[in-house]
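The values are calculated or read from the model by the stated rules, or taken from the named source; none is laboratory data. In this text, all values refer to a predicted model and were calculated from it rather than measured experimentally. Virtual Cβ from ideal backbone geometry, glycine too; neighbours counted across all protein chains shown. The accessibility values were calculated without ligands, DNA or RNA, using every heavy atom of the protein model including side chains. Shrake-Rupley method; radii C 1.70, N 1.55, O 1.52, S 1.80 Å.
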Amino acid sequence: MAVRNKTLDFGIIGVGKSGTTSLAGLLSQHPDIAVTDPKEPWFFDSEDYHHGMAWYWQHYLGHYRGELRVGEATSHTLYVPYAAQRLHEEAPDARLIALLRHPVERAHSDWWMKHCQGTEPDDYETADARNLEKLQGPPRFTDPAEWQRHLDSVDRRLHNQTYVDFGCYATQLERLYSVYPREQVAVIFTEDLQDAPLDTLRQLCRFLDVSEDLAGLD
């Protein structure tokens, strides 16, 4: 493995069902960019964080060969309240990409995926109503142990109660901006990636300070 400071240069920080997998796949084809394998390590929002960045590189960046920019694409980083703070502690200079989708379309897509998987038995309206009821209570997942219990829970329905709150972008971005300066954050929209993919990718190449030559990208 090439030697460099074991930190991250960028992160695609969300949101789920917005196209983060497609964007990570496109960026990973750039010769100056290395993306973790898997693209979503679930490191900064999990107990794996306590293993440290050397462990992170060993597990997720064994394929690194000296690329200029190294990053990941974990769709929960924007959503989980403490994840961005952890990321900042390890990578304060990282550039962050928030890929956002219309919140209603995002919620329905999330529900449909889990409904087809069999982990969401309720119809869309019932599932959304259940999520809204949860939101009437105290803020959720502010404690790492609470989020870990959520991830580890044998009750798979718990994983499905984030349809609405995943789309509360203003709250999530405000929290992010309290940790990272706005000039280190690029907010783009799923429609941009769908309707003008090359222009959007060139914009992100400028943001990441890599070549805008996209020849060879699928």
Give the residue from Q136, S46, N5 lying farthest towards the positive end of the charge dipole for the stretch 1-148; charges sit on Cβ (+1 for Lys and Arg, -1 for Asp and Glu) and the dipole is referred to the Cα centre.
N5
Charge context of A24, other residues only, Cβ under 12 angstrom, K/R +1, D/E -1
-2
Label zone at L198, where the point sits 7 Å out along the Cα-to-Cβ direction: the stretch 27-49 residues whose backbone N lies under 17 Å
27, 30
Only Lys, Arg (+1) and Asp, Glu (-1) charged, at Cβ; the chain dipole about Cα centre in debye:
280
C205 accessible area, assembled protein chains, probe 1.4 Å, Å²
0
For the stretch 1-51: rounded, prolate or oblate by the Cα gyration tensor [a/c cutoff 1.5]
oblate
Which percent, nearest 5, of DSSP beta bridges in the chain are antiparallel?
0
For the chain, modelled as a Gaussian network with Cα springs under 10 Å, which listed residue fluctuates most, G19, G71, G62?
G62
Using a 10 angstrom cutoff on alpha carbons, build the Gaussian network for the chain and name the most mobile of L27, L68, L176.
L68
Cross-link partners among aspartates and glutamates for K134, C-alpha distance below 18 Å, same-chain residues fewer than 8 apart left out?
D110, E120, D122, D123, E125, D143, E146, D155, D165
So for the stretch 23-131, using the alpha carbon gyration tensor with a ≥ b ≥ c as root eigenvalues (a/c under 1.5 gives rounded; past that, a/b versus b/c decides prolate or oblate), I'd call it prolate
Taking a cut-off of 30 Å between Cα atoms, list the lysines near K6, but don't count ones fewer than 8 places away on the same chain.
K17, K39
Going by a ≥ b ≥ c, the root eigenvalues of the Cα gyration tensor, does the chain fall in the rounded group (a/c under 1.5), the prolate group (a/b larger than b/c) or the oblate group?
prolate
Pick from H88, H51, H63: which residue has the top mean-square fluctuation in a GNM of the chain where Cα pairs under 10 Å get a spring?
H51
The summed charge of the H102 Cβ neighbourhood (under 14 Å; Lys/Arg +1, Asp/Glu -1) stands at -2
Ranking A196, F166, A83 by how far each Cα lies towards the positive end of the charge dipole of the chain (+1 on Lys and Arg Cβ, -1 on Asp and Glu Cβ), the top one is A83
Taking the Cα centre of the stretch 87-183 as the origin, how large is its charge dipole in debye, to the nearest 20, when only Lys and Arg (+1) and Asp and Glu (-1) carry charge on their Cβ atoms?
80
